[in-house]
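Student: Below is the structure I would like to discuss, written out as structure tokens.
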Amino acid sequence: MLKRIVFIALAALTAVPAAAQPDGEKQRPAFALTYDDGPGAITEDLLKLLESRKAKATFFMLGSAVRANPEMTKKVHAAGHLIANHTDAHRNWFRIGKGADREQVLASEVKKAEEAIVKATGERPKILRMPNGYTAPWLREAVKKLGYRAANWSYGSDWTKTPEDKMTAEYVKAVRAGNVLLLHDGGGRSREKTLRITAAILDEAARLGLEPVRLDVLLK
């Protein structure tokens, strides 16, 4: 998979995004941290790290992972982070997308995940990210019909075999206003490096005066 995928949210980022602030306060340029495939084994430690840095993030959760760990899903929601839809199971949409029943399969996958998230948090997700960043013209229309906004990312590479030091440097370089960074808190054998890379990202954001915000805030 390509390391860089164009961000396809339905709102164009035509200006440097800034976090919403109370009237009279100066707005800070912002970017978004996003995490896929959770909740997973490191999610609780990740929440502690984000809290210690006063950072907000977006968690694209699989319905299957939410059903397996509803309590952690509730903790993410209670901490003020955005929970978004990542479909129910991490299926191969590059294959499914060629089938005649693709819209029906999509609706089923999205709705199953939505039901699990609503059951755990009481809130319906409104943003969808497809597994592996899959996108196509038919998908964009189908997503709209389901009442979602579709989003991918500006930079992500933590699923690759890139050495961690080089990977961390690439993430740090991608800390820019308006960017959407992708990491994983679920799936895979070990996600401990997600914590280390996140810490490095937040260090760089603080140096640059950038605020890590939820994706719905960035899109405003």
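Student: For Asn69, indicate whether it is closer than 21 Å to Gly186 by Cβ, surrounded by fewer than 16 Cβ atoms within 10 Å (Cβ to Cβ), out of contact with any Gly (no Cβ under 7 Å at 6 or more places or on another chain) and of a type in the set (S, T, N, Q).
Tutor: Answer is no for this residue.
Student: Could you check, for the range 194-205, whether at least one of its residues is farther than 23 Å from Glu51 by Cα and out of contact with any helix residue (DSSP H, G or I) (no Cβ under 8 Å at 6 or more places or on another chain)?
Tutor: No: zero hits.
Student: Hey, among Ala169, Ala199, Ala205, which residue is touching a strand residue (DSSP E or B) at 6+ places or on another chain (Cβ under 8 Å) and assigned to a helix (DSSP H, G or I)?
Tutor: After applying the criteria, what remains is Ala205.
Student: Let me ask something else about it. Please enumerate the residues belonging to the range 110-130 that are surrounded by 18 or more Cβ atoms within 10 Å (Cβ to Cβ) and over 24 Å from Lys220 (Cα atoms).
Tutor: Lys112, Ala113, Ala116, Ala120, listed by residue number.
Student: Given the structure, is Ala65 at pLDDT 95 or above, in a loop (DSSP other than H, G, I, E, B) and under 15 Å from the mean Cα position of the chain (by Cα)?
Tutor: No: the conditions fail for Ala65.
So that you can scan it fast, the table gives a plain yes or no per residue for (1) hydrophobic (A, V, I, L, M, F, W, C); (2) more than 14 Å from Ala84 (Cβ to Cβ); (3) surrounded by fewer than 16 Cβ atoms within 10 Å (Cβ to Cβ); (4) touching a Ser or Thr at 6+ places or on another chain (Cβ under 8 Å):
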position: Thr135; (1), (2), (3), (4): no, yes, no, no
position: Glu141; (1), (2), (3), (4): no, yes, yes, no
position: Ser154; (1), (2), (3), (4): no, yes, no, no
position: Ala169; (1), (2), (3), (4): yes, yes, yes, no
position: Ile201; (1), (2), (3), (4): yes, yes, no, no
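Student: Determine which single condition Thr73 fails, assuming it passes every other condition in (1) under 17 Å from Arg140 (Cα atoms); (2) touching a residue at least 40 places away in the same chain (Cβ under 8 Å).
Tutor: In the conditions (1) under 17 Å from Arg140 (Cα atoms); (2) touching a residue at least 40 places away in the same chain (Cβ under 8 Å), Thr73 misses (1) alone.
Student: Also, quick follow-up: Anything in the range 129-142 that is free of Cβ contacts under 8 Å to residues at least 60 places away in the same chain, outside any loop (DSSP other than H, G, I, E, B) and in contact with a helix residue (DSSP H, G or I) (Cβ under 8 Å, 6 or more places away or on another chain)? List them, or say none.
Tutor: Pro131, Trp138, Leu139, Ala142
Student: Let me confirm something: among Ala89, Ala41, Ala100, which residue is of a type in the set (A, V, I, L, M, F, W, C), surrounded by fewer than 21 Cβ atoms within 10 Å (Cβ to Cβ), in contact with a Leu (Cβ under 9 Å, 6 or more places away or on another chain) and part of a loop (DSSP other than H, G, I, E, B)?
Tutor: Result of the check over Ala89, Ala41, Ala100: Ala89.
Student: Of the residues Val175, Val217, which is assigned to a helix (DSSP H, G or I), in contact (Cβ under 8 Å) with a residue 40 or more places away in the chain and not basic (Lys, Arg)?
Tutor: Just one listed residue meets the conditions, Val217.
Student: Just to be sure before I move on: is Val105 touching a strand residue (DSSP E or B) at 6+ places or on another chain (Cβ under 6 Å), of a type outside the set (S, T, N, Q) and over 22 Å from Pro39 (Cα atoms) in the structure I sent?
Tutor: no
The values are calculated or read from the model by the stated rules, or taken from the named source; none is laboratory data. Since the model is a prediction, treat every value here as computed from it, not as a measurement. Neighbour counts run over all protein chains shown; Cβ positions are idealised from the backbone, glycine included.
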